[in-house]
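The values are calculated or read from the model by the stated rules, or taken from the named source; none is laboratory data. The model shown is predicted, which means the values in this text are computed figures rather than measured ones. With ideal geometry, Cβ positions are generated from the backbone for all residues, glycine too; neighbour counts draw on all protein chains shown. Just the protein is used for accessible areas: all its heavy atoms, side chains included, with ligands, DNA and RNA removed. Shrake-Rupley method; radii C 1.70, N 1.55, O 1.52, S 1.80 Å.
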Amino acid sequence: MTRDTEKPNAMETLLSTLDLEPIEVDIFRGRSPQVGWQRVFGGQVIAQALMAAQRTVARDRIVHSLHAYFMRPGDPSVPIVYQVERIRDGSSFNTRRAVAIQHGEAIFALSASFQIEEPGFGHQILMPDVPAPEKLLDERQIAAQFLANAPAPIRKYWERERPIEIRPISLTHYFSDEKLDPVQHVWVRATGPVPDDRYYQAAILAYLSDMTLLDTSLYPHGTSIFDQTIQVASLDHSMWFHRPTKLDDWLLYTQDSPSASGARGLTRGSLFTRDGTLIASVAQEGLIRKRANE
């Protein structure tokens, strides 16, 4: 059997998902992988909307920030149509707005700003001192040591093939109701080659930026997103792209949740390369509430 006839792996599937179909000027169609999810993963919609917006700017304009709102759950069984509006084209900056539509309704909206690359002042915060990813359990070891008696949602999450591998510094919150400080450190990396293309690199970084954030806001409450008595969903998502990266090695995703109130939790994130270079910052507010029938 040749590689061409084999089932694509998770990263190949993600790259195919990001290869949007142009159906009219500034209108694109995206699809979702059929992996049994009840709703479209939020990171996928962010990444596809960013890809749609990127395709309407010149190649020398690179995304430096995005701000997005989730309005309705995405239906993975039907395509998503992305309509891009060209808000402004300036000498240095371009602004785009992309709306994701399903069943005749907007499910998501993203605004993104692009800039030509230029020199300027530079500084960054330091990366936390944490164990290297090679010193942590990989996903196979986590499954072997912890999943035999884990709740079904946790087993399903860790056993599914994903385009992004996750190695948490700590697994305590998955298997304990201990109330923890609202801080989380997670190593993440692509499970397959990422094209040497700034569009795809930015989109995949946006995709993985939606992973694990909501969990951090639940740390102080002794629970996790796998608790069936809790309703969780991303409400909004902002991201700032500081420096380019080829995504060919591990990234440290360090997170903290400064506040939770009103059935909402806020989490901030920083993404560092292994050598300590800060490549992106993230902020997300999510719905975290007890279900009404509990």
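Worth a mention:
- Segment Arg243-Lys135, extension gain: residue separation times 0.36 nm, minus the distance between their alpha carbons: 36.2 nm
- Note on Lys290 and Leu171: with the Förster distance fixed at 35 Å, the Cβ-Cβ geometry gives a FRET efficiency of about 0.90.
- Mean Cα-pair separation over length for segment 133-293, i.e. relative contact order, pairs under 8 Å, 6 or more apart, %: 22 percent
- Simple rule: put +1 on each Lys or Arg Cβ and -1 on each Asp or Glu Cβ in the chain, find the dipole, and look at Leu180, Ala143, Thr229; the Cα lying farthest toward the positive end is Thr229.
- Sorting Phe121, Phe175, Phe114, Phe241 by accessible area puts them as Phe121, Phe175, Phe241, Phe114; the probe is 1.4 Å, largest comes first, and only protein heavy atoms count.
- Cα-based reach from Lys246 at 27 Å (exclusive), listing lysines while leaving out same-chain residues under 8 positions away: Lys7, Lys135
- Principal-axis tilt of helix 198-209 within the chain, Cα atoms, nearest 10 degrees: 30 degrees
- The chain, helix-only ellipticity at 222 nm - DSSP H runs n ≥ 4, -39,500 (n - 2.57), divided by all residues, nearest 500: -5500 deg cm²/dmol
- Segment 156-200 versus segment 221-252: alpha-carbon centroid distance in Å: 9 Å
- Between Ala144 and Glu159, the simple spin-label model (points 7 angstrom out along Cα→Cβ) gives 1.7 nm.
- The convex hull of the Cα atoms of the chain, projected and averaged over all directions, covers 17.3 nm².
- Based on Cα contacts under 8 Å between residues 6+ apart, segment 24-181 shows a relative contact order of 20 percent.
- Carbon/sulfur fraction of accessible area - the chain, other protein chains in place, 1.4 Å, %: 51 percent
- Accessible area per residue for the chain, computed on protein heavy atoms with a 1.4 Å probe, is 50 Å².
- Looking at segment 156-257, the trypsin sites (Lys or Arg not before Pro) that sit in a DSSP loop and have at most 13 other Cβ atoms within 10 Å of their own Cβ are Arg160, Lys179.
- Mean Cα-pair separation over length for the chain, i.e. relative contact order, pairs under 8 Å, 6 or more apart, %: 17 percent
- Cut-off 15 Å between beta-carbons: net charge of the residues surrounding Tyr199, Lys and Arg +1, Asp and Glu -1: +1
- If the chain linking Met71 and Phe121 were pulled fully straight, counting 0.36 nm for each residue of separation and taking away their Cα-Cα distance, it would gain 14.3 nm.
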